[in-house]
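The values are calculated or read from the model by the stated rules, or taken from the named source; none is laboratory data. Given the structure is predicted, the values throughout are model-derived calculations rather than measurements. Reconstructed Cβ throughout: ideal geometry from the backbone, glycine too, with neighbour counts over all protein chains shown.
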Amino acid sequence: MHKREPFRHRSFLSDQAVGVIAGLLGVGGGIVIVPILVFLFTAQGMPQDHIMQMALGTSLGSIVFTSISSFRAHHRRGAVHWDIVKRIAPGIILGTLSGSWLAAGLSPTVLKAIFACFLFYVAAQMLLNLKPKSTRRLPKAAGMFGAGGFIGLVSSMVGIGGGTLSVPFLTWCNLPVHHAIGTSAAIGFPIAVAGTLGYIATGLSVSGLP
């Protein structure tokens, strides 16, 4: 009991920190949540071989709830294109499940390297103000499935809701930026649900988890 109270206190403070940093920098919470969870799980003495997978799965589990709040707010402003969500969702779900299955077989070192590379990508995008020009229309069914699969795969392997990838993709496909953000928030829900279920399923056969 005494061990859990400090953990809960630190977890509450980390939640506040995630909200502040995400709001200030305009990044998704998963980018901040995953490193904090790795730190907290390590401090609790949890198994090193599974800490990264646990952090990724837990991050996606929290995004299930935050994405609902986010896409509802954007929906009230008419900024969610549900037709796009329906078209990209099959690829998103398959890619996310595949990513969680792939992550389960990778070492913590490899997963940390993938996460670090993704952080460098996000940092470069912010520092250089890299924004794709609206040069094309949304692709056909096969293109949407492929884009969704890639977004879902990467998102599940770094524990994010996919906005860092889906917003540039939708903007590139000529969607106004506010609508791209709103639609991306809705896309984050199937990513979070599929990713959470994927990490739960892959963890069922693992012994020694807390």
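Miscellaneous remarks
- Residue in the range 122-140 that is within 22 Å of residue 34 (Cα to Cα) and surrounded by 16 or more Cβ atoms within 10 Å (Cβ to Cβ) present: yes
- Candidates 82, 101, filtered to the one that is touching a residue at least 40 places away in the same chain (Cβ under 8 Å) and either closer than 13 Å to residue 195 by Cα or in contact with a Pro (Cβ under 8 Å, 6 or more places away or on another chain) (or both): 101
- Residue identified as over 29 Å from residue 36 (Cβ atoms) and not in a helix (DSSP H, G or I) among 91, 78: 78
- Residue count, the range 17-56 (criterion: at pLDDT 55 or above and in a helix (DSSP H, G or I)): 21
- Scanning the range 149-165 for residues that are part of a helix (DSSP H, G or I) and in contact (Cβ under 8 Å) with a residue 40 or more places away in the chain turns up 149, 150, 151, 152, 153, 154, 155, 156, 157, 158, 163, 164.
- Selection of first residues in the range 168-185 that are part of a helix (DSSP H, G or I) and of second residues that are of a type in the set (Phe, Trp, Tyr) and modelled with pLDDT under 90, restricted to Cβ pairs under 6 Å at least 6 apart or on distinct chains, gives the following pairs, ordered by first then second residue: 185/71.
Residue-by-condition table, conditions (1) within 15 Å of residue 170 (Cβ to Cβ); (2) polar (S, T, N, Q):
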| site | (1), (2) |
| --- | --- |
| 71 | yes, no |
| 78 | no, no |
| 87 | yes, no |
| 90 | no, no |
| 118 | no, no |
| 124 | no, no |
| 153 | no, no |
| 156 | no, yes |
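Here's the yes/no breakdown for (1) touching a Ser or Thr at 6+ places or on another chain (Cβ under 9 Å); (2) among the small types (Gly, Ala, Ser); (3) under 14 Å from residue 84 (Cα atoms):
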residue	(1), (2), (3)
166	yes, yes, yes
170	yes, no, yes
173	yes, no, yes
177	yes, no, no
185	yes, yes, yes
188	yes, yes, yes
192	yes, yes, no
198	yes, yes, no
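- Residue that is assigned to a helix (DSSP H, G or I), at pLDDT 90 or above, buried (at least 17 other Cβ atoms within 10 Å of the Cβ) and among the hydroxyl-bearing types (Ser, Thr, Tyr), where the choices are 59, 67: 59
- When the range 162-196 is filtered for residues that are under 19 Å from residue 76 (Cβ atoms) and not hydrophobic (A, V, I, L, M, F, W, C), the ones remaining, listed by number, are 163, 176, 178, 179, 182, 183, 184, 188.
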